[in-house]
1. When a/c is below 1.5 the answer is rounded, else prolate if a/b is larger than b/c, else oblate, so apply that to the stretch 134-241 with a ≥ b ≥ c taken from the square roots of the Cα gyration tensor eigenvalues.
2. What list of whole percents do you get for P(r) of the stretch 196-321, with Cα-Cα distances grouped in 10 Å bins up to the one holding the largest distance?
3. Given 10 Å bins starting at zero, what is the percent of C-alpha pairs of the chain in each, up to the one with the largest pair distance?
4. Quick one: if you stick a label point 7 Å off each Cα along the C-beta vector at Glu185 and Trp64, how many nm between them?
5. Taking a point 7 angstrom from the Cα of Gln104 along the C-beta vector, which residues in the stretch 1-17 have backbone N less than 13 Å away?
6. Kindly provide the pair-distance distribution of the stretch 7-70 built from C-alpha pairs, with 10 Å bins from 0 and whole-percent values in order of increasing distance.
7. Just tell me which aspartates and glutamates come within less than 20 Å, Cα to Cα, of Lys286; anything on the same chain fewer than 8 places away is out.
8. For the stretch 4-114, max minus min Cα coordinate along each principal axis, in Å, sorted largest first?
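We did not get these values from a lab; they are worked out from the coordinates using the rules stated. Small disclaimer: the values here were computed from a predicted structure and weren't measured. A quick note on method: Cβ atoms are made from the backbone with ideal geometry, for glycine too, and the neighbour counts reach across all protein chains shown.
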Amino acid sequence: MTSPKHTRMLILGSGPAGLSAAIYGARAGLKPVVVQGMQPGGQLTITTDVENYPGFRDVIQGPWLMQEMQAQAEHVGAEMIWDQIVDVDLSQRPFRLTGDGGSQYTADTVVICTGAQAKWLGTEGEQELSGKGVSACATCDGFFYRGKKVVVIGGGNTAVEEALYLTNHSDDVTLIHRRDSLRSEKILQDRLLSHPKIKVLWNKQVERFVGGGDPEGLVGVDLVDTVTGDKSHEPTDGAFVAIGHKPSTELFDGKMTLDGGYLVVEKGTSKTEIPGVFAAGDVTDKVYRQAVTAAGMGCMAALDVEKFLADSDYEASKAAY
Ligand code: NDP
């Protein structure tokens, strides 16, 4: 068995938080190692237009932004590893982590930037028809619905952005929302509500994804009115579930304190309850959840790591005398 790969700063996740931590950590000479995770680049790799990341007057693409962040991190000395951590032992330092294929890592500090994943409704037919008409990513799958009818479920920024994006492929987009008002930004709402290819079904909850045909695919969604209780059916070729995200913290369940699934950090810092373990980005943020806030938190984590290592090195050198 090969010996574990040791690093002073191990970063889990390669979204804006992980890569910003890597850029700052590398520039501080910490030679960070980034274990990229299941979705290298994070959620922005499955989005399209980004209009609110500072520094770009014109619309940029999410995947491009992440490629640039990774290139910058590598340029300043961060190492990227295509692996997924499946087990962690944070009970003693150096921390020990195990990768998907059995690779072993040890680290003086760990920065958790594992982000969040799309939530599913959990209603009948959803799982069975996933990949056969039901999706949680318009950017990934919208292309398949050229000239077809699609629905988007949800009322936040993601749902509205997905509905707008889908008009690039489909002339018949329906947003289905369980209430009578959207929670997305006003500017996006205005675009959605005035879009000629989009209609909105208010106060409707999806009860069932209905399959049909051979080979089987989605043919419609059964709906229930959340105010009147009336049932209805909306025929559709594709359904995009866009109802928010859940933090990717399964690895830390029972090992660290979670709040609604989110990792808990000391207020105003990236420090978790375990000295030497830090968290940044969507995995610890249930409020802001923006690329730019994740990047800012990644920067904070790197600065916290730097200080932690400097303090531990100082303590170790004192003990040596
Ligand atoms: P949100 O939590 O903001 O919205 C989730 C939506 O899904 C809500 O409208 C909610 O309804 C609805 N919903 C939740 N659960 C269910 C359910 N079981 N059945 C039916 N509907 C449900 O999530 P988003 O992913 O939209 O956004 C997350 C964060 O990311 C936000 O802070 C958002 O601003 C940000 N974001 C920013 C973007 C940008 O700036 N470009 C792009 C995308 C996201 P209800 O309203 O009734 O609660």
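1. Oblate.
2. 10, 25, 18, 20, 15, 6, 4, 1
3. Pair shares across the bins are 6, 25, 28, 21, 14, 5, 1, 0.
4. 1.8
5. Only 1-6 fall inside the zone, counting backbone N under 13 Å.
6. It works out to 23, 47, 25, 5, in whole percents.
7. Correct list for Lys286: Glu161, Glu185, Glu250, Asp253, Asp259, Glu266, Glu273.
8. Cα extents, longest axis first: 47, 27, 19 Å.
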